[in-house]
Amino acid sequence: MNKLRQDRQFRPLPVPSVEVHGLFGDRQDAICESTAEVLLDRCVEAGMLRAIDVEQPSPGIVIPLQAWSGSTQMFWDSDLGKSIETIAYSLYRRPNPRLEARVDAIVDMYEKLQDEDGYLNAWFQRVQPGRRWTNLRDHHELYCAGHLIEGAVAYYQATGKRKLLDVMARFADYMIEVFGHGEGQLPGYCGHEEIELALVKLARVTGEKKYLDLAKFFIDERGREPHFFTEEAIRDGRDPKQFIQKTYEYGQAHLPVREQKKVVGHAVRAMYLYSGMADIATEYNDDSLTTALETLWDDLTTKQMYVTGGIGPAASNEGFTDHYDLPNESAYAETCASVGLVFWASRMLGRGPNRRYADIMEQALYNGAMAGLSLDGKTFFYENPLESAGKHHRWIWHHCPCCPPNISRLLASIGSYMYAVADDEIAVHLYGESKGRFEIGGKKVELAQKTRYPWDGAIRFDVTTQDPVRFSLSLRIPEWAEGAALKLNGESVDLSNVTIDGYARIEREWRSGDRVELDIPLKPRTLWANPQVRQDTGRVALMRGPLVYCAEATDNGAGLNGIVLGGDISNAKTAEIAELQGAVALDISVARDKADDWGATLYRTSPPKVNQATARFVPYHLWDNRTPGEMLVWVRAGEVGR
């Protein structure tokens, strides 16, 4: 494969510059129709508005303090921030004056709540006002600020209203005074990363480099000795060795970030840190950060990631355990963690198109992340196991409701992940029916993508330009896309001659009417896990295009572990499922254990008899949208693929 040194800066296309249709459009419609308001309603029901309303008495501690000396109530500002961000993105697609007015009222409350010095945090102003900046390791102050900043940026961009943006900029200005190496300043950072990538967004929308510098400070300080969290605990009268996880690996603060080689700790925190590092690497052209991130990327994607793009197998730390430890039924694989992996992958593309990142972004998006939101936009998954005995179902809300607004804000803004632009290049990272509007060399360019992907692999791009303009168009060719073909204005293009880092790169002067056709065969395929993944020994996973498939009891009856896959699955029959919005199912001939003739004994000396049958597999992200029941991703393998 050809390689190109990329020193240019690619930035995602702004959300309003992309119209999304097809599968992503359906999900955005559900968010506009249901999720955006559902999020706000459930935040209100939890008591979050009372917490920020200075005209009402403080609610006090609504959710009791836990062993780590905090409460999930401390995160309420972040839940509101992400909900505001989701609503902002939804307003691009479908104006909703009533919902916008509700957000305006919340913004007014935050403006009134803000201290004169700029500080803003409902818990530490109204519940524990004497504890400000005393336990950054555990108490999420900067994390909450980060999500409010992201909500403020999105809401300003969607509505033109600056109030929340100005409020959060004042808070960020105050942070610049609080944090640093000057006299009286704190050389600290947040235990739960998030503020770093939020400050980058704030810098980009305001043009103020000081916010980038603060983000860089937080990243550079993390893990340095003398250790901030240790000294902070001593100042606060706490034993620095006595905390719930008892390791700084939990928050990726065990080593300076450029020295970290293995992905450890809490999965969401790790993804947010790496996202912020990637942003700073792009903005400062910092190769030392990029090199560290490449090492961490390889560690995650070759030793610690589920086939769904789910990450973090353990509930005990909501994160990582050790290499190749990927249990299926007990998989934690938090929705937020896959969302965070999409964030990280997207930001790794800031230094140039490279399918090693974009392929994983697509895999995590379509499977590990998108599973977290139901088709109707009203129920959610927090954990995402790859096997269920029928007791794991979507829920309405959660005592720590971080995942619902997280997957919602991602899908509501998905257009900005599909396309990126540099001074003289447009990169298409994700495929789906859409229309992107760009500016290249001061000239307007529109790229209309027409496709039924991921159900069909035929993709067409129609170019419309203000005037003829020269730029490169880079289209990702997925690693799994065997037999992909490309045409420009009806003429075949030799992919081997134009493919750079997994992207077909066409450089020319473009004119209105130019057409590019990309055909990506969507053949069903089986994947085997590394033999060191003991939980998947003798089993295979099914994929078609970017989608992981699973078997559900609603199609196949109970006893899914009795299914044995054998033979050639490339000829599997496809069928569209109307109740899953036209999703493509795979119908495959299988062998299946007969349990009904086993008898009452628990064990016997002969194996079960088998029947030949047909099993139906559906996209994993759609499971538990119909009749509840068992689910299975990794299926027993016969002779398939051997």
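The values are calculated or read from the model by the stated rules, or taken from the named source; none is laboratory data. Model, not experiment: these values are computed from the prediction. Cβ sites come from the backbone with ideal geometry, for glycine too, and all protein chains shown count toward neighbours.
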Being out of contact with any Ser or Thr (no Cβ under 6 Å at 6 or more places or on another chain), modelled with pLDDT of 95 or more, over 30 Å from Arg452 (Cα atoms) and crowded, with 16+ Cβ neighbours inside 10 Å narrows it down to one residue among Leu518, Leu522, Leu560; which is it? Leu560
Given the conditions (1) surrounded by 24 or more Cβ atoms within 10 Å (Cβ to Cβ); (2) at pLDDT below 95; (3) not charged (D, E, K, R), report the number of the one that Pro353 does not fulfil. (2)
Would you check which residues across segment 388-428 are in a strand (DSSP E or B) and in contact (Cβ under 8 Å) with a residue 60 or more places away in the chain and list them? Ser388, Tyr419, Ala420, Val421, Ala422, Glu425, Ala427
Filtered residues of segment 151-194 (kept if closer than 30 Å to Ala337 by Cβ and outside any helix (DSSP H, G or I)): Phe179, Leu186, Pro187, Gly188, Tyr189, Cys190, Gly191, His192, Glu193, Glu194
Limited to segment 610-642, what total is found for residues that are of a type in the set (A, V, I, L, M, F, W, C), in contact with a helix residue (DSSP H, G or I) (Cβ under 9 Å, 6 or more places away or on another chain) and assigned to a strand (DSSP E or B)? 8
Looking at the structure I just gave you, is Ser316 in contact with a strand residue (DSSP E or B) (Cβ under 7 Å, 6 or more places away or on another chain) and not basic (Lys, Arg)? no
Restricting to segment 473-531, what's the tally of residues that are over 27 Å from the mean Cα position of the chain (by Cα), farther than 30 Å from Ala541 by Cβ and not β-branched (Val, Ile, Thr)? 18
Take the conditions farther than 30 Å from Leu80 by Cα, among the hydroxyl-bearing types (Ser, Thr, Tyr) and over 27 Å from the mean Cα position of the chain (by Cα) and apply them to Thr464. Does it pass? yes
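Residues are listed down the side, and each one gets a yes or a no for (1) surrounded by 10 or more Cβ atoms within 10 Å (Cβ to Cβ); (2) at pLDDT 95 or above:
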{"residue": "Ala572", "(1), (2)": "yes, no"}
{"residue": "Val584", "(1), (2)": "yes, yes"}
{"residue": "Asp587", "(1), (2)": "yes, yes"}
{"residue": "Lys594", "(1), (2)": "yes, no"}
{"residue": "Asp597", "(1), (2)": "no, no"}
{"residue": "Arg604", "(1), (2)": "no, no"}
{"residue": "Lys609", "(1), (2)": "yes, no"}
{"residue": "Ala613", "(1), (2)": "yes, no"}
Of all helices (runs of 4 or more DSSP H) completely enclosed by segment 61-131, which ones contain at least 3 residues that are hydroxyl-bearing (Ser, Thr, Tyr), assigned by TED's automatic domain parsing to the domain that holds Pro401 and buried (at least 19 other Cβ atoms within 10 Å of the Cβ)? 76-93
